[in-house]
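Every number in this text was worked out from the coordinates using simple rules, so none of it is lab data. These numbers come from a predicted model, not from an experiment. No Cβ is skipped: glycine too gets one built from the backbone with ideal geometry, and neighbour counts run over all protein chains shown.
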Amino acid sequence: MKNLYFSALIFCGIFAAAQTDGQILTRPGDGVSESQGSGFDFKAIKDHRNNVVMIQWRAFNEGNTDRYVLEHSSDGIAFTALSQLAAIGDTDGNYSYNDMDSYPPAQENFYRLKVVQKDGSSFYSAVIPMDMSDKKIPHLNPTVLHMGATLHVDQFYRQPLMVDFFDQAGKRMGSYLVNSEDFDINTAGWGKGIYFYRICNPTHALIDAGKILVL
């Protein structure tokens, strides 16, 4: 992923023999969830703005690893892929990588790594949870517009968002890729009335939704 979605993932192959798929390991801290094993360190860290979860891995031997897939879940059971990265592939070294999950959708979020080997087999890391009950959801202001206006995204944090607008019949009226706290929209031809918006990004289909009034 990023700026939009930079991706950098890592996992230690030694960990496979020591873990059971779906096991949850955590060491609570100040916005930190962490699992550790022999030669393995896997962390999720809540950003100070509470809109981003920073993910960190470290590995020592990647000789048999093809790629890594970071997965997210809102219930700890059903996981979907957020991003993936080809392995560096060296057999020795100490590799540390960083990734992030922008605007995670749930109050409680879960993360794990799928490790895909060169022979096509795969295995999973432990699952680590991250409490985001105090997260700050981005939303739009003002909510009353006169034909065109500059909208402000409250709680915007670095990662671009897509904002779609719909009329009451569900017709898409406009789409905007937002890279900053403020962006301009043109409502000419929309007509007066209530319109709905949806905020999303490529990894989360719904971050927030609301409505605006065009006069």
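Among the trypsin sites (Lys or Arg not before Pro) within the range 113-210, those in coil by DSSP and having at most 16 neighbouring Cβ atoms inside 10 Å are 118, 136, 158, 171, 192. Listing 127, 153, 32 from fewest to most neighbouring C-beta atoms within 10 Å gives 32, 153, 127.
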